[in-house]
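Worksheet: one structure, shown below.
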Amino acid sequence: MKKKLLIITGLILIIIIVIFILWYNGIVIFNYPSKKTYEVRGIDVSSHQGDIEWDILSKKGIKFAFIKATEGSSFVDEKFNINYENAIKTNLKIGAYHFFSYDSEGITQAYNFIAHVPKMEEMLPPVVDIEFYGDKYKNVPDIEETQKQLQIMLEKLEEYYEKKPIIYATYKSYNLYIANNFKDNYIWIRDVYFTPKLKDNREWTFWQYTDKVKLDGYNGKEERLDMNVFNGDVDEFEKLFN
């Protein structure tokens, strides 16, 4: 009986390890949104994807792409300009995102983004990515001050681009800083396990459902891509962002 239990336990451990390896390598994705329900799909990229062949990548069943542009008050993604220039030549809907810094003022972060991201009518709204880095996950930045600086940045971006910005968040950053606030902004939420459900029952606009997808058309040190869906059909997407 004891031997049989050990064998069963060993088999279970092997199965768990195999599933983890398959998940880690992007072969198995725990939540794969129905293409019938979420037909509008897209990616987000940065310099980690290296040189991107946008003419190839754009033909991989995606309709939109968000490209990292800036971070904090001075950082600029080294691949943004070339990514932007080549991406806009495709049929993809293109947007740019900024990684929010808790250590910089909202106005200087807005100016950094504005200085490097062209104002184009056909672009998706600007995105502010608010999540945690370094020791911020454990040592959470002040809520009121963060909301204040984020609000300043969002208002400046809206004023310049004449579009209501999108807020990207994880559940922790959403629950701390966004829930029941910034109600006019579009929400882009990350959930790699389940269909998103926000704390304040708000509707999300974009959902990042995995970071494990491999597609053709890039050669960076990061072999996998973040994949996203839009919460609606093609007509709703085009009506909202055209």
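Values quoted throughout were computed directly from the atomic coordinates according to the rules given, and no laboratory measurement underlies them. Keep in mind that this is a model prediction, so the values were computed, not measured. When we count neighbours, we look across all protein chains shown, and the Cβ atoms used for this are built from the backbone with ideal geometry, even at glycine.
Annotations for the structure displayed:
- The label point for Asp142 and the one for Lys36, both projected 7 Å from the Cα toward the Cβ, are 5.2 nm apart.
- Helix screen, the chain: DSSP H segments with Cα axial length of 18 Å or more and mean Kyte-Doolittle hydropathy at least -1.0 are 2-24, 143-161.
- Within the range 133-242, the trypsin sites (Lys or Arg not before Pro) that combine a DSSP coil assignment with at most 13 other C-beta atoms in a 10 angstrom radius are Lys138, Lys183, Lys197, Lys199, Lys214, Lys221.
- Ranking Leu176, Leu240, Val128 by how far each Cα lies toward the positive end of the dipole of the chain (charges on Cβ) leaves Leu176 at the top.
- Going by neighbour counts of Cβ atoms within 10 Å, the residues Phe80, Phe206 line up, fewest first, as Phe80, Phe206.
- With 0.36 nm allotted per residue and the present C-alpha distance subtracted, the Lys197-His116 stretch has 25.8 nm of extension available.
- Placing a label point 7 Å from the Cα of His48 along the Cα-to-Cβ line, the residues of the range 195-226 whose backbone N sits under 19 Å from it are 207-226.
- Lys, Arg +1 and Asp, Glu -1 on Cβ, resulting dipole of the range 34-241 about Cα centre, debye, nearest 20: 640 debye
- Radius of gyration and Dmax over the Cα atoms of the chain, both given in Å: 19.5, 72
- Separation in nanometres of the label points that stand 7 Å from Cα toward Cβ, at Lys60 and Glu155: 4.0 nm
- Using a cutoff of 8 angstrom between alpha carbon atoms and counting only pairs six or more residues apart, the relative contact order for the chain works out to 24 percent.
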